Amino acid sequence: MQDNPLHLPRRGFIKGLGAATLLPFLPLSAFSTVAAPGFHRVLSCNIRVALPEDEEKGVGWPQRKDGCIKVIKKQKPDIVCFQEVLKVQAEDIRRAFPRYCLFGFDGPEMDVHPEGYHGIAKNPVLFATDRYELLGGGSYWLSETPLTAGSMSWGTARARSVNWLRLRERKTGKAFRVVNLHLDHISGEARIQQAKMVAEESSQYQPDFPQILAGDFNARATSKVFDSLRDAGWRDSYAAVHGAADPGYTVHGFEGTAYTKGAGKGKIDFIFCKGLVKAQGSTIIKDAVNGRYPSDHYFLSADLLM
């Protein structure tokens with residue numbers, strides 16, 4: 001199955017991205033969510049990579065896995081955009097959500113390093129198979145050579161990638177697109193250039209075509225990182241509901257509301273929308289389970305009408 005709309009004559013790096021990096025479709029499983037047609041609950045969840053040093057501190061993936069899954073399930077999501085996912089975490093997510101498809105974890109760069117971190121974590125998308133039909137999807141790397149797995153440019157500290165997919169809501173027949181990313185955490189120039197790539201690639205669709213863009217941008221809303229996205233028509237779902245004021249930090253070092261370094265820090269996790277999409281609700285999820293937070297990030301939800 002293949003859907004390859006990626007073609008921008010003015011930028012050679014865009015051509016053929018979808019076909020060249022199309023990821024395998026996972027089979028339909030049992031029904032899951034119950035939601036009104038046209039209403040979609042989308043989550044963005046940076047779950048923090050599974051690191052041995054975190055386990056020594058009591059906040060490793062084995063210690064918080066069950067709580068993380070519980071927090072996500074409580075939201076009854078239709079779509080979850082994950083960041084910082086390693087193999088063990090992808091396997092746990094698949095087991096915990098048997099009625100969903102996890103799209104975009106496996107890829108050629110993972111074959112070189114089948115175990116461990118190695119500086120690369122993935123950002124797959126989870127979606128409810130009873131609600132959506134997968135029309136197509138793919139991946140590209142946020143570099144000057146986007147078809148080269150693990151490639152880096154602009155002083156980025158780590159390789160960064162985009163996973164995208166086109167879904168069709170089964171009840172309404174309406175198609176839309178989901179784009180999930182994690183921008184670099186060190187280089188400001190890399191974040192600006194990476195965002196420009198996404199803005200340009202997404203602009204090949206008709207202006208009214210519904211698109212969702214979620215992820216960890218490692219930048220506050222006032223950053224120049226977002227200039228190209230806003231110029232391309234992307235709108236922050238949280239700001240659309242709550243106004244432009246920064247609600248405060250979404251990274252908290254596993255401390256949550258007790259985070260002592262939070263003063264002056266802002267929201268860096270976002271869910272944007274473009275085209276015929278209306279944000280009806282948005283929440284920063286601050287849940288903890290038995291006093292332990294599911295990640296060093298708060299998760300974010302958006303209720304979207306398409």
All positions within segment 251-281 that are among the aliphatic types (A, V, I, L, M), closer than 12 Å to residue 44 by Cα and outside any loop (DSSP other than H, G, I, E, B): 271
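This table checks each residue for (1) surrounded by 18 or more Cβ atoms within 10 Å (Cβ to Cβ); (2) under 30 Å from residue 138 (Cα atoms); (3) out of contact with any strand residue (DSSP E or B) (no Cβ under 7 Å at 6 or more places or on another chain).
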{"position": "208", "(1), (2), (3)": "no, yes, yes"}
{"position": "215", "(1), (2), (3)": "yes, yes, no"}
{"position": "220", "(1), (2), (3)": "no, yes, yes"}
{"position": "260", "(1), (2), (3)": "no, no, yes"}
{"position": "272", "(1), (2), (3)": "yes, yes, no"}
{"position": "280", "(1), (2), (3)": "no, yes, no"}
{"position": "296", "(1), (2), (3)": "yes, yes, no"}
{"position": "303", "(1), (2), (3)": "yes, yes, no"}
message: Restricting to segment 212-238, name every residue that is within 22 Å of residue 121 (Cβ to Cβ) and part of a helix (DSSP H, G or I).
response: 225
query: From the set of residues in segment 123-151 that are in contact with a helix residue (DSSP H, G or I) (Cβ under 8 Å, 6 or more places away or on another chain) and assigned to a loop (DSSP other than H, G, I, E, B), which is farthest from residue 193 (Cα to Cα)?
result: 124
field: Subset of segment 137-171 that is within 19 Å of residue 42 (Cα to Cα) and surrounded by fewer than 22 Cβ atoms within 10 Å (Cβ to Cβ) - its residue that is nearest to the chain's Cα centre (by Cα)
entry: 166
Candidate set from segment 70-113 (those that are part of a loop (DSSP other than H, G, I, E, B) and surrounded by fewer than 18 Cβ atoms within 10 Å (Cβ to Cβ)); member that is modelled with the lowest pLDDT: 113
- prompt: Are any residues in segment 282-291 in a strand (DSSP E or B), surrounded by fewer than 21 Cβ atoms within 10 Å (Cβ to Cβ) and touching a Phe, Trp or Tyr at 6+ places or on another chain (Cβ under 8 Å), and if so, which ones?
  reply: 284, 285
task: Quickly run through segment 159-189 and pick out the residues that are more than 20 Å from residue 125 (Cα to Cα), without any contact (Cβ under 8 Å) to a residue 40 or more places away in the chain and in a loop (DSSP other than H, G, I, E, B).
output: 173, 185, 186, 187
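Has segment 179-197 got any residue that is of a type in the set (Asp, Glu), in contact with a strand residue (DSSP E or B) (Cβ under 9 Å, 6 or more places away or on another chain) and crowded, with 22+ Cβ neighbours inside 10 Å?
Our first condition is that a residue be of a type in the set (Asp, Glu); within segment 179-197, this holds for 184, 189.
Within this subset, residues satisfying the condition of being in contact with a strand residue (DSSP E or B) (Cβ under 9 Å, 6 or more places away or on another chain) are none.
Looking for residues that are of a type in the set (Asp, Glu), in contact with a strand residue (DSSP E or B) (Cβ under 9 Å, 6 or more places away or on another chain) and crowded, with 22+ Cβ neighbours inside 10 Å, one finds none in segment 179-197, hence no.
The values are calculated or read from the model by the stated rules, or taken from the named source; none is laboratory data. No experiment lies behind these values; they were computed from the predicted model shown. Ideal geometry is used to build each Cβ from the backbone, glycine not excepted, and the neighbour counts take in all protein chains shown.
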